[in-house]
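Undergrad: Let me give you the structure first, and then I'll get to my questions.
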Amino acid sequence: MPVKQLFPTSIYTSSLTSREKSNLNKSLLRETRKIQEIDIEGNKWSAKNYLGGYTSYGSLDHLHKMSPTFADLERILDVHVKKYVKALGLELKRGKIKMDSCWVNVMKPMVHHSLHIHPLSVISGTYYLKVPKKSAGIKFEDPRMVCFMASPKRKNKLHFELMPKEGQFVLFESWLRHEVPANSGTQDRISISFNYNWE
């Protein structure tokens, strides 16, 4: 066929094993709720920047260095990040990719997170602790959109929404714009987000 597919955008999805999930999820959920309860600065930050929801992004964003439970999650993710880096063909030379930040998110009903990127990072991702019915997925935007200009409407969608399950995680390059549509369920959607940098 004369048509070639150039410059694909790759994301990586996988799940914790049943054993890993059973060992970690209860502890991660318990710690997330405790962090939300005691994080005064984070709740203030969320009230201004994450209306209706809670995130420790603006206050406690190094949880993998503060909690053995989050450090256990980091060790599991490290294995998958190495595979993803290899699949992307990233040449690290003498450097390495290392988790730089890690924080929790609690999306109450009708809370959303608008389009954004993760500046100064290489790989970003989210681990899903609690995904109730009708809660939102993660929505990725076609990175070519800004260049289409006078292009006619396309049959292929310009957004892709991944609907995660509990115990699943997604990795993507940090420059890829993404959002989380409004949580249309009746329960909190709880996740852990993280960034990996090149050192």
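The values are calculated or read from the model by the stated rules, or taken from the named source; none is laboratory data. Every value quoted in this text rests on a predicted model; they were computed, and no experiment measured them. Virtual Cβ from ideal backbone geometry, glycine too; neighbours counted across all protein chains shown.
Undergrad: So residue 199 ticks every box in (1) modelled with pLDDT of 90 or more; (2) surrounded by fewer than 20 Cβ atoms within 10 Å (Cβ to Cβ); (3) touching a strand residue (DSSP E or B) at 6+ places or on another chain (Cβ under 7 Å) but one. Which box is left unticked?
TA: (1)
Undergrad: Right, here's the next one. Does segment 87-106 contain at least one residue that is within 30 Å of residue 186 (Cβ to Cβ), not hydroxyl-bearing (Ser, Thr, Tyr) and not in a strand (DSSP E or B)? Spell out how you get there, then give the answer.
TA: Residues of segment 87-106 that are within 30 Å of residue 186 (Cβ to Cβ), as a first pass: 102-106.
Next, only the ones that are not hydroxyl-bearing (Ser, Thr, Tyr) stay: 102-106.
Narrowing the set further to residues that are not in a strand (DSSP E or B) leaves none.
No - not one qualifying residue is present in segment 87-106.
Undergrad: From 159, 178, grab the single residue that is more than 21 Å from residue 30 (Cα to Cα) and under 11 Å from the mean Cα position of the chain (by Cα).
TA: Working: 159 fails: under 11 Å from the mean Cα position of the chain (by Cα).
Result: 178 is the single residue among 159, 178 that is more than 21 Å from residue 30 (Cα to Cα) and under 11 Å from the mean Cα position of the chain (by Cα).
Undergrad: Continuing with this model, one more query. Does residue 170 count as out of contact with any Asp or Glu (no Cβ under 9 Å at 6 or more places or on another chain), under 26 Å from residue 16 (Cβ atoms) and either of a type in the set (A, V, I, L, M, F, W, C) or modelled with pLDDT under 90 (or both)? Please lay out each step first, then the result.
TA: On the way: out of contact with any Asp or Glu (no Cβ under 9 Å at 6 or more places or on another chain): yes; under 26 Å from residue 16 (Cβ atoms): yes; either of a type in the set (A, V, I, L, M, F, W, C) or modelled with pLDDT under 90 (or both): yes.
Here the answer is yes, as residue 170 does meet what is asked.
Undergrad: Of everything in segment 106-158, what is among the aromatic types (Phe, Trp, Tyr) and either buried (at least 18 other Cβ atoms within 10 Å of the Cβ) or in contact with a Cys (Cβ under 9 Å, 6 or more places away or on another chain) (or both)? Give them in sequence order. Break it down stepwise before answering.
TA: If we filter segment 106-158 for residues that are among the aromatic types (Phe, Trp, Tyr), which is where we start, we get 127-128, 140, 148.
Within segment 106-158, 127, 128, 140 qualify.
Undergrad: Moving on. Inside segment 58-105, can you point out the residues that are under 21 Å from residue 34 (Cβ atoms), among the acidic types (Asp, Glu) and buried (at least 17 other Cβ atoms within 10 Å of the Cβ)?
TA: 61, 74
Undergrad: So which pairs qualify, if the first residue must be in segment 134-145 and over 20 Å from residue 7 (Cβ atoms) and touching a residue at least 12 places away in the same chain (Cβ under 8 Å), the second must be of a type in the set (Lys, Arg) and in a strand (DSSP E or B), the Cβ gap must be under 8 Å, and the two must be at least 6 apart or on different chains?
TA: Note: pairs meeting the criteria are 135/189; 136/189.
Undergrad: Report whether or not residue 27 is part of a helix (DSSP H, G or I), touching a helix residue (DSSP H, G or I) at 6+ places or on another chain (Cβ under 6 Å) and small (Gly, Ala, Ser). Before the answer, list the steps.
TA: Values: part of a helix (DSSP H, G or I): yes; touching a helix residue (DSSP H, G or I) at 6+ places or on another chain (Cβ under 6 Å): yes; small (Gly, Ala, Ser): yes.
Yes, satisfied.
Undergrad: Further, regarding this structure: Could you tell me whether residue 77 is at pLDDT 95 or above and touching a Cys at 6+ places or on another chain (Cβ under 7 Å)?
TA: On the way: at pLDDT 95 or above: yes; touching a Cys at 6+ places or on another chain (Cβ under 7 Å): no.
No, not satisfied.
Undergrad: On the given criteria, is residue 44 of a type outside the set (S, T, N, Q) and part of a strand (DSSP E or B)? Explain how you work it out, then say what you get.
TA: On the way: of a type outside the set (S, T, N, Q): yes; part of a strand (DSSP E or B): no.
Considered against the rule, which asks whether it is of a type outside the set (S, T, N, Q) and part of a strand (DSSP E or B), residue 44 comes out as no.
Undergrad: Among 19, 30, which is under 25 Å from residue 164 (Cα atoms), at pLDDT 95 or above and loosely packed, with under 12 Cβ neighbours inside 10 Å?
TA: Working: 19 fails: at pLDDT 95 or above.
Answer to the check: 30.
Here's the yes/no breakdown for (1) free of Cβ contacts under 8 Å to residues at least 12 places away in the same chain; (2) of a type in the set (Phe, Trp, Tyr); (3) in contact with a Leu (Cβ under 9 Å, 6 or more places away or on another chain):
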position	(1), (2), (3)
26	yes, no, no
32	no, no, yes
38	yes, no, no
43	yes, no, no
50	no, yes, no
56	no, no, yes
62	no, no, no
70	no, yes, yes
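Undergrad: If you check residue 60 against the conditions, is it in a loop (DSSP other than H, G, I, E, B), out of contact with any Phe, Trp or Tyr (no Cβ under 6 Å at 6 or more places or on another chain) and at pLDDT below 95? Walk me through it before giving the result.
TA: Details: in a loop (DSSP other than H, G, I, E, B): yes; out of contact with any Phe, Trp or Tyr (no Cβ under 6 Å at 6 or more places or on another chain): yes; at pLDDT below 95: no.
When the stated conditions are applied, residue 60 does not pass them.
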